[in-house]
1. Go through the range 245-262 and give me each residue that's within 14 Å of the ligand (Cβ to nearest atom) and in a helix (DSSP H, G or I).
2. Taking the range 26-49, which residues are in contact with a helix residue (DSSP H, G or I) (Cβ under 7 Å, 6 or more places away or on another chain), open to solvent by 40 Å² or more (accessible area, probe 1.4 Å) and of a type in the set (A, V, I, L, M)?
3. Quick one: GLN117 ticks every box in (1) within 22 Å of LEU34 (Cβ to Cβ); (2) buried (at least 17 other Cβ atoms within 10 Å of the Cβ); (3) within 16 Å of the ligand (Cβ to nearest atom) except a single one, so which number is it?
4. Identify all residues within the range 212-230 that are open to solvent by 10 Å² or more (accessible area, probe 1.4 Å) and either within 11 Å of the ligand (Cβ to nearest atom) or assigned to a helix (DSSP H, G or I) (or both); write none if there are none.
5. Would you mind stating whether ILE207 is open to solvent by less than 40 Å² (accessible area, probe 1.4 Å) and free of Cβ contacts under 8 Å to residues at least 60 places away in the same chain?
6. Only one residue in ILE245, ILE195 is closer than 21 Å to ASP159 by Cβ and surrounded by fewer than 21 Cβ atoms within 10 Å (Cβ to Cβ), so which one is that?
Amino acid sequence: MTVSSHYRVRKAVIPAAGFGTRMFPATKAVKKELFPIIDRDGRAKPIILAIVEEALSAGIEEVGIVVQKGDRAFFEDFFKTPPSPQLFQKLSVQNQDYSKYLQNVGQKVTILTQDVQEGFGHAVFCAREWTNREPFLLLLGDHIYLSDTANSCARQLLDIYSQVQHSVIGLRVTQAEVIHHYGCAAGVWREQDAILSVTQVYEKPDIEYARQHLSVEGMGDDLFLSMFGMYVLNPQIFDYLAEHISANFRERGEFQLTSCLDKLREFEGMAGYVVQGRCFDTGLPEVYRQTLIDFAISGGAIG
Ligand code: G1P
């Protein structure tokens, strides 16, 4: 393998196996990854499709979606089965074309399962065999990303990965008051306000901890760097996840990703990149509402 091919990322993993408790009772009827959004072409699509498109438009070739065992058939059907001839005939010409495009997208999707819901880190771990020790792009199953530049958010992150040549986590500037909702990173700027050499990754700090340990030089008062919900990870992450799982090391009852990210950082090095764009956590009612408005106006990454 040449150096350049080594830093080419071909696969993306999207965990979509949670319960969606914060969107109850809607999630009793529909998985949150399947909630609709409207793109700039006025097309209604499930959130998961917009995320897959974000990955494919960035040059990713194969996408693995981790779902609950009981949801497997549904996701398979959405991505793999064409509409019935009766439905297809009734579609507009544009939607017939889109349906064909969707079949093509579906060929690049593999549905993976998490048999028991043991947390975010565990869901990522379920993609271990499928990634086959390649680096991979990790996108959250309930996040929608909007770039401020001509390059999609995922493309930006992949470019930084090939530049710095180790794992990269997407970051965004976040106010102290809400920092306890997110994973955070601290570090030293390699490129001011853009690329960080990460010295610590910490999940959902309280404000005192953040002020004491997670301040980054040159940032405004009480501003911190939190996860953008997008990561490019080297396969060693699975070794740290495997360690936690075999030792039954749980945080808040589950196997978390963030503490393993911190190990990956410690032993392999890690960069943080302040993504030029926005991400929307559609797993929260208020943000979902806003996403419906903003995504339609600004458009999404269309493959
Ligand atoms: C997860 C991650 C957290 C991240 C957040 C939003 O938390 O563990 O580090 O900041 O997604 O991207 P969750 O919202 O699943 O509790």
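The values are calculated or read from the model by the stated rules, or taken from the named source; none is laboratory data. As the structure is a computational prediction, the values presented were derived from the model and not from experiment. Virtual Cβ from ideal backbone geometry, glycine too; neighbours counted across all protein chains shown. To get the accessible areas, we keep the full protein, side chains included, count just its heavy atoms, and leave off ligands, DNA and RNA. Shrake-Rupley method; radii C 1.70, N 1.55, O 1.52, S 1.80 Å.
1. Scanning the range 245-262 gives THR258, SER259, CYS260, LEU261, ASP262.
2. If the condition is that a residue be in contact with a helix residue (DSSP H, G or I) (Cβ under 7 Å, 6 or more places away or on another chain), open to solvent by 40 Å² or more (accessible area, probe 1.4 Å) and of a type in the set (A, V, I, L, M), then ILE38 is the only one that fits.
3. (2)
4. GLN212, HIS213, MET227
5. Values: open to solvent by less than 40 Å² (accessible area, probe 1.4 Å): no; free of Cβ contacts under 8 Å to residues at least 60 places away in the same chain: yes.
When the stated conditions are applied, ILE207 does not pass them.
6. On the way: ILE245 fails: closer than 21 Å to ASP159 by Cβ.
Answer to the check: ILE195.
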